[in-house]
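A quick write-up on the structure given underneath.
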Amino acid sequence: MKILGSVLILISGALWGITGSSRLNARCRELERLERALLHLESEISYGLTPLPRALMVSGQVAGGQIGQVLSKASELVGRGGGMVPSEALEDALSQAAAALIGPETRGVILEMASSLGTSGRMEQMALIEATRERVRSLRESAAADAARYGKLYRYLGVLGAVALVLLLT
Amino acid sequence: MSSMTRGGLEVAPPVASVQAAADIQARLEDQVLPLLSAGISRAISAWLERSRPPRRDALEEIRIRKGLPLCMVLSFGDVFLSSDGAEARPEQAFCPDAREVERTFALLTDCSSYAMETELATGYVTLPGGHRVGLSGRMSAFSTEKYVLREIHGFNIRIARHIRGVSEKVLSRVLTGGPEKRPRSTLIVSPPRAGKTTMLRDLARVFSEGRAQINLPPCQVGIVDERSEIAACYGGVPQHDLGPRVDVLDRCPKPVGMMMLIRSMSPDVVVTDEIGGDADARACAEACAAGVAILASAHARDVDDLARRPYSSWLVEKGYFEVFVVLSRRNGPGTVEYAGPLPEGDETGWRLP
């Protein structure tokens with residue numbers, strides 16, 4: 001019974017560490033998706049002159065993941081179809097997204113872009129999205145460094161914490 | 001109703017009384033109000049609820065200006081609205097603020113003003129249903145020739161009318177004689193808001209459908225819709241009923257479009273709106289010389305007025321147009337003042353009283 005309990009504690013600790021580590025990696029992947037979506041959004045706007053609702057939908061489909069869902073949801077709410085302006089639509093869509101995957105900094109960057117999205121000419125929109133993409137890239141690089149540094153830490157901490165707990169209990 | 005005749009033609013009743021009571025309330029609620037900010041939309045919606053059909057159906061334009069009273073232009077005058085939709089004096093009327101104007105602009109452009117730079121440069125956008133929104137604001141110059149509207153301060157929403165049958169009064173005048181009728185080159189002349197485009201549209205529909213009773217065979221109709229007003233294409237689809245044999249070049253300059261249509265689509269009739277310069281007039285002349293009937297319109301009080309302008313005087317004098325239709329608002333929009341060939345030696349026949 002004691003051995004079974006110890007094994008369970010060890011497994012739980014390892015799982016906690018793996019979950020924490022994968023959450024960091026998932027955040028990194030979402031930022032990669034956001035970067036890809038912004039690249040696609042920029043080309044839809046600059047080359048296709050695609051209306052924003054459709055451009056958001058296509059970019060969301062290309063990106064996939066949580067970011068893809070956010071963009072797809074925003075595409076339904078924005079413009080003539082949904083009656084919302086981009087900042088309202090993206091805020092609404094982000095409020096339904098998992099906070100762990102899209103952190104407050106990322107939300108801030110998206111909403112800042114949303115406040116000017118679709119309101120100016122093609123060149124200004126390209127500059128806006130390019131600047132946003134740069135900020136997302138910087139967030140992603142920082143998130144990747146965090147994932148590399150703290151991912152290992154989470155995993156070790158999970159296993160070692162569980163071992164310490166087992167030793168304490170026994 | 002006046003029984004006065006001009007050019008042997010009985011003066012037509014006002015269009016407003018001719019038009020079928022197409023439910024303007026339903027069309028506005030479906031096509032326009034969702035694109036306005038909440039405050040503006042609420043006021044207009046309440047006014048539509050309060051107004052009886054004759055008053056409601058007389059609505060021609062909705063004028064929204066930042067910081068100025070919300071104005072509904074009816075065929076017999078205009079009214080200002082309070083925030084609850086009651087007709088009010090200007091000082092008591094609802095004045096949309098900057099936020100509401102910005103929101104309205106975003107929704108009218110589908111939050112995609114980058115995709116409408118051409119439209120914004122021309123100063124208007126087309127909505128589903130064919131309604132046209134004129135824009136005013138601050139212009140930015142990119143070069144000596146290119147200007148774009150940057151800060152939008154006001155909108156003029158012109159309500160599109162689907163009025164069938166307005167051309168009946170002039171139809172016999174714009175067709176040739178003989179056993180088989182065909183359209184003659186016709187110029188429709190009137191001051192703004194007198195029903196030129198509505199008349200063009202209805203004639204285009206009649207030519208496109210043909211009419212067996214009067215031996216008018218169906219015609220292939222090509223429309224050069226430089227201002228997107230005749231067909232009011234939205235997403236490439238004409239929003240007005242123009243019959244089954246219509247090809248539209250949307251937002252295409254007239255001089256380019258008319259020859260392009262003639263070469264590529266072999267139309268029997270080319271329809272275009274508002275001849276406004278030398279290049280337009282020359283394109284009309286070339287099209288007439290190519291054996292195609294031209295149905296066009298021009299801003300002028302009457303044909304004398306038109307003949308005084310340098311770009312159009314020779315078009316009139318050389319006889320490129322066989323028939324002239326003069327419209328006015330004397331008895332409401334679409335009042336036909338004259339329809340027929342250029343009268344000889346009777347200049348007063350053109351003039352409005």
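The values are calculated or read from the model by the stated rules, or taken from the named source; none is laboratory data. Given the structure is predicted, the values throughout are model-derived calculations rather than measurements. Every residue, glycine among them, receives a Cβ derived from its backbone with ideal geometry; neighbour counts consider all protein chains shown.
Let's see how each residue does on (1) among the hydroxyl-bearing types (Ser, Thr, Tyr); (2) crowded, with 18+ Cβ neighbours inside 10 Å; (3) over 21 Å from residue B:197 (Cβ atoms); (4) not assigned by TED's automatic domain parsing to the domain that holds residue B:203:
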residue: B:256; (1), (2), (3), (4): no, no, no, no
residue: B:271; (1), (2), (3), (4): no, yes, no, no
residue: B:282; (1), (2), (3), (4): no, no, yes, no
residue: B:289; (1), (2), (3), (4): no, no, yes, no
residue: B:310; (1), (2), (3), (4): no, no, yes, no
residue: B:324; (1), (2), (3), (4): no, yes, no, no
residue: B:330; (1), (2), (3), (4): no, no, no, no
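Being assigned to a helix (DSSP H, G or I), within 14 Å of chain B (Cβ to nearest Cβ), crowded, with 24+ Cβ neighbours inside 10 Å and touching an Asp or Glu at 6+ places or on another chain (Cβ under 9 Å) is the filter here; which residues of the range A:65-78 pass it?
If the condition is that a residue be assigned to a helix (DSSP H, G or I), within 14 Å of chain B (Cβ to nearest Cβ), crowded, with 24+ Cβ neighbours inside 10 Å and touching an Asp or Glu at 6+ places or on another chain (Cβ under 9 Å), then A:74 is the only one that fits.
Give me the pairs: first residue in the range A:141-164 and closer than 27 Å to residue A:8 by Cα, second residue among the aromatic types (Phe, Trp, Tyr), beta-carbon distance under 9 Å, and six or more apart or on different chains, which are they?
From the range A:141-164, the pairs are A:154/A:16; A:157/A:16; A:158/A:16; A:161/A:16; A:162/A:16.
Yes/no matrix, rows are residues, columns are (1) crowded, with 16+ Cβ neighbours inside 10 Å; (2) at pLDDT 90 or above:
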{"site": "B:124", "(1), (2)": "yes, no"}
{"site": "B:129", "(1), (2)": "yes, no"}
{"site": "B:134", "(1), (2)": "no, yes"}
{"site": "B:146", "(1), (2)": "no, no"}
{"site": "B:156", "(1), (2)": "yes, yes"}
{"site": "B:163", "(1), (2)": "yes, no"}
{"site": "B:177", "(1), (2)": "no, no"}
{"site": "B:187", "(1), (2)": "yes, yes"}
{"site": "B:192", "(1), (2)": "no, no"}
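Can you list the strands (runs of 3 or more DSSP E) lying wholly within the range B:45-135 that have 2 or more residues being touching a Phe, Trp or Tyr at 6+ places or on another chain (Cβ under 9 Å)?
B:59-65, B:71-74, B:77-81
Of the residues that sit in the range B:194-210 and are more than 9 Å from the chain's Cα centre (by Cα) and not aliphatic (A, V, I, L, M), which one is surrounded by the fewest Cβ atoms within 10 Å (Cβ to Cβ)?
My answer is B:210.
Could you check residue B:183 against (1) within 30 Å of residue B:73 (Cα to Cα); (2) crowded, with 24+ Cβ neighbours inside 10 Å; (3) not hydroxyl-bearing (Ser, Thr, Tyr) and say which number it fails?
(1)
I'd like the full set of residues that are within 14 Å of chain A (Cβ to nearest Cβ) and in contact with a strand residue (DSSP E or B) (Cβ under 6 Å, 6 or more places away or on another chain), limited to the range B:70-108.
Within the range B:70-108, B:105, B:108 qualify.
Under the condition of being surrounded by fewer than 24 Cβ atoms within 10 Å (Cβ to Cβ) and under 15 Å from residue B:117 (Cβ atoms), which residue from the range A:29-50 is farthest from the other protein chains (Cβ to nearest Cβ)?
Residue satisfying both the conditions and the ranking: A:47.
Return the total of residues in the range A:121-145 being outside any loop (DSSP other than H, G, I, E, B) and either within 14 Å of chain B (Cβ to nearest Cβ) or under 23 Å from residue B:110 (Cβ atoms) (or both).
Qualifying residue count, the range A:121-145: 10.
Here's a check for you: in the range A:79-99, which residue that is more than 15 Å from residue A:67 (Cβ to Cβ) and among the aliphatic types (A, V, I, L, M) is farthest from the other protein chains (Cβ to nearest Cβ)?
So, considering only residues that are more than 15 Å from residue A:67 (Cβ to Cβ) and among the aliphatic types (A, V, I, L, M), the one farthest from the other protein chains (Cβ to nearest Cβ) is A:84.
What do you reckon, is residue A:54 in a helix (DSSP H, G or I), surrounded by fewer than 24 Cβ atoms within 10 Å (Cβ to Cβ), more than 14 Å from every other protein chain (Cβ to nearest Cβ) and of a type in the set (Lys, Arg)?
When the stated conditions are applied, residue A:54 does not pass them.
Can you confirm whether residue A:62 is away from chain B (no Cβ under 14 Å) and over 20 Å from residue A:115 (Cα atoms)?
The answer is yes for residue A:62.
Checking residue A:118 against (1) surrounded by fewer than 20 Cβ atoms within 10 Å (Cβ to Cβ); (2) in a loop (DSSP other than H, G, I, E, B): exactly one of these is not met. Which one?
Among (1) surrounded by fewer than 20 Cβ atoms within 10 Å (Cβ to Cβ); (2) in a loop (DSSP other than H, G, I, E, B), the lone unmet condition for residue A:118 is (1).
Could you please let me know if residue B:106 is aliphatic (A, V, I, L, M) and closer than 18 Å to residue B:63 by Cβ?
In short, no.
If you take the residues in the range B:109-138 that are among the small types (Gly, Ala, Ser) and under 13 Å from residue B:64 (Cα atoms), which one is nearest to the other protein chains (Cβ to nearest Cβ)?
Among those that are among the small types (Gly, Ala, Ser) and under 13 Å from residue B:64 (Cα atoms), it is B:137.
Considering only residues that are crowded, with 17+ Cβ neighbours inside 10 Å and not charged (D, E, K, R), look in the range A:100-115 and name the one that is farthest from the other protein chains (Cβ to nearest Cβ).
Per the stated criteria, the residue is A:101.
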